[in-house]
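**Q** I have a structure here, written as structure tokens, and I will follow up with some questions on it.
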Amino acid sequence: MGYRVYPQQDLSDPSHMFSFQLNALKSTTMWKPDNQKYYIPFMILFAVNVFVLAICTVGLLLKGCSTKDLVDRSEAMDIFTLTGSALYKMVFFLYHYEQLVDMVTCGLALVRNLPEGWTKNCGLLSRIHYTAGFLVLLIWGLAPILKVMYGETTWAEMKLPINTYDPFDSTGFLFFLFYITGQYVLVLSAVIYMAADCYLFTSIYVAVGALQYIVDQFENMRDLNNNNKHTVADTMHDCLQECIEIHVHVLDYLRKTDKLFKSMILADVVHAVISLSFAMLQTSESKGIFEGVKMVLFVQVCFVHQFLNSHFGQELIDKQDNLAKQIITDIPWTDASRKFKKSYYIMLTCVREPFKLSAWNVYFLQYATFLEFSKTMIQYYMVLQEVQDEAEVS
């Protein structure tokens with residue numbers, strides 16, 4: 001992937017900026033362990049995760065297709081898209097492991113060209129994002145128990161944490177086994193999503209930082225020219241060539257990211273539209289405080305997840321637009337040497353059109369498409385609500 005070769009990095013080093021992100025992926029069996037002696041246990045756990053996610057996804061689909069009650073179907077379909085896309089992401093990361101290592105290596109090579117303090121809070125924000133997703137789905141799984149404890153329902157009426165197809169009408173130990181499995185699948189799906197988010201968002205943020213570094217260099221060139229017009233021509237040309245080299249590096253990094261994450265961006269959008277539409281219907285029909293709280297939290301975390309996808313994509317576009325403006329206003333090229341002008345035109349050509357991350361041009365990571373997504377989601381919810389209202393009247 002890509003024509004450039006970057007220096008190899010020790011990804012087991014806990015000091016590099018992707019350390020937490022890779023550890024989060026390892027915790028969900030999406031990234032291979034550094035020590036080969038853990039490889040067999042890792043693959044066993046990976047196989048278990050694939051199995052339980054696949055079984056629950058099929059069970060949720062069967063329940064969604066077999067029930068005639070729309071709210072009952074909503075309870076199955078909102079989690080069906082979550083577990084299905086989580087299963088895809090987990091397998092995807094491990095299948096493309098070598099390409100992802102290449103992408104991380106490319107990103108770490110950019111770190112030295114970031115503004116000072118740019119990555120200061122990356123680890124903290126990633127931890128907050130990861131923990132928030134974990135807690136929301138943990139609360140979802142505990143909601144049936146809390147409803148019994150606070151008298152909203154009885155032990156006999158207690159439901160599973162996921163509305164899956166249950167051919168055995170399970171009770172006793174079998175119900176307990178299904179409950180633990182459902183809770184595990186919910187939490188696993190959440191941390192898979194959050195780990196993938198942390199990795200992608202950090203990757204985009206690194207690219208944005210490298211572009212900001214180039215903008216800062218342009219401003220330094222402007223100041224340098226204003227103060228020493230006749231003595232700094234060679235220094236400015238060296239600086240411009242460095243900016244070209246960094247920008248080519250950024251574009252290579254973005255192409256790697258775009259090529260790898262197209263399908264996952266599309267999976268996110270499909271999951272968000274279907275899951276949020278059904279989840280909003282389920283929220284409007286929920287009964288009891290615990291049911292209402294779990295649904296509100298679920299809708300919020302799904303909405304924030306999709307917004308952050310678009311936010312970081314928009315940051316990338318805006319920074320490239322700013323770079324295109326700065327090269328015209330800050331670089332003194334009119335009276336420069338021929339070799340300087342040649343480098344200037346190369347840079348100008350490279351920044352003419354911003355690079356946008358997308359799912360095969362179906363969905364771009366930017367605010368405009370996020371607004372379209374929001375409108376589509378609300379329209380689907382309103383249709384579902386209208387169908388539910390008609391069913392209640394009849």
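The values are calculated or read from the model by the stated rules, or taken from the named source; none is laboratory data. Computed from a predicted model, the values in this text were never measured in an experiment. Positions of Cβ are backbone-derived with ideal geometry, glycine not excepted, and every protein chain shown enters the neighbour counts.
**Q** Which residue out of Q217, Q212 is surrounded by fewer than 24 Cβ atoms within 10 Å (Cβ to Cβ) and without any contact (Cβ under 8 Å) to a residue 40 or more places away in the chain?
**A** Checking each option against the conditions leaves just Q217.
**Q** Among the residues in segment 293-305, are any in contact with a Gly (Cβ under 8 Å, 6 or more places away or on another chain), crowded, with 16+ Cβ neighbours inside 10 Å and in a loop (DSSP other than H, G, I, E, B)?
**A** no
**Q** Shifting gears a bit: When you scan segment 140-151, do you find a residue that is free of Cβ contacts under 8 Å to residues at least 12 places away in the same chain and surrounded by fewer than 13 Cβ atoms within 10 Å (Cβ to Cβ), even just one?
**A** The answer is yes; a qualifying residue exists.
**Q** So N23 clears everything in (1) surrounded by 17 or more Cβ atoms within 10 Å (Cβ to Cβ); (2) closer than 27 Å to T202 by Cα except one condition, right? Which one?
**A** (1)
**Q** So E242 fits all but one of (1) over 29 Å from the mean Cα position of the chain (by Cα); (2) under 23 Å from S27 (Cβ atoms); what number is the exception?
**A** Condition not satisfied by E242: (2).
**Q** May I pose another question? Select from segment 313-342 the residues that are outside any loop (DSSP other than H, G, I, E, B) and aliphatic (A, V, I, L, M) and write down the one among them that is farthest from P115 (Cα to Cα).
**A** I328
**Q** Moving on to the next point. Taking helices (runs of 4 or more DSSP H) that do not extend beyond segment 1-98, which have at least 3 residues that are touching a residue at least 60 places away in the same chain (Cβ under 8 Å) and hydroxyl-bearing (S, T, Y)?
**A** Of the helices (runs of 4 or more DSSP H) lying wholly inside segment 1-98, those with at least 3 residues that are touching a residue at least 60 places away in the same chain (Cβ under 8 Å) and hydroxyl-bearing (S, T, Y) span 70-95.
**Q** Could you tell me which numbered condition F168 fails, if it satisfies all but one of (1) outside any helix (DSSP H, G or I); (2) buried (at least 21 other Cβ atoms within 10 Å of the Cβ); (3) aromatic (F, W, Y)?
**A** It is condition (2) that F168 fails.
**Q** Further question on the same structure: Select from segment 70-122 the residues that are charged (D, E, K, R) and within 19 Å of D10 (Cβ to Cβ) and list them in ascending order.
**A** Listed by number, the residues that qualify are E98, D102, R112.
**Q** Checking the conditions here, which among I128, I79, I44 is under 28 Å from S286 (Cβ atoms), surrounded by fewer than 21 Cβ atoms within 10 Å (Cβ to Cβ) and not basic (K, R)?
**A** Checking each option against the conditions leaves just I128.
**Q** How do the pairs read when you match residues in segment 287-306 that are under 29 Å from C198 (Cβ atoms) with residues anywhere that are aromatic (F, W, Y) and assigned to a helix (DSSP H, G or I), using Cβ under 8 Å and keeping only pairs 6 or more apart or on different chains?
**A** Pairs found: K294/W140; L297/W140; F298/W140; H305/Y193; Q306/F370; Q306/F373.
**Q** Just for segment 343-389: of the residues that are in a helix (DSSP H, G or I) and polar (S, T, N, Q), which one is surrounded by the fewest Cβ atoms within 10 Å (Cβ to Cβ)?
**A** Checking each candidate, the answer is T349.
**Q** Starting from segment 191-208, take each residue that is more than 16 Å from K259 (Cα to Cα) and list its partners that are among the acidic types (D, E), counting only C-beta distances under 7 angstrom and pairs at least six apart or across chains.
**A** Here the result reads V208/E315, each pair linking segment 191-208 to a residue that is among the acidic types (D, E).
**Q** Applying the selection to segment 105-126, what residues are assigned to a loop (DSSP other than H, G, I, E, B) and either over 13 Å from Y205 (Cβ atoms) or not aromatic (F, W, Y) (or both)?
**A** If the condition is that a residue be assigned to a loop (DSSP other than H, G, I, E, B) and either over 13 Å from Y205 (Cβ atoms) or not aromatic (F, W, Y) (or both), then L114, P115, E116, G117, T119, K120, N121 are the ones that fit.
**Q** With of a type in the set (V, I, T), under 30 Å from I192 (Cα atoms) and either surrounded by 16 or more Cβ atoms within 10 Å (Cβ to Cβ) or modelled with pLDDT under 90 (or both) as the only criterion, which of I265, I331 stands out?
**A** I265 is the lone residue from the list that is of a type in the set (V, I, T), under 30 Å from I192 (Cα atoms) and either surrounded by 16 or more Cβ atoms within 10 Å (Cβ to Cβ) or modelled with pLDDT under 90 (or both).
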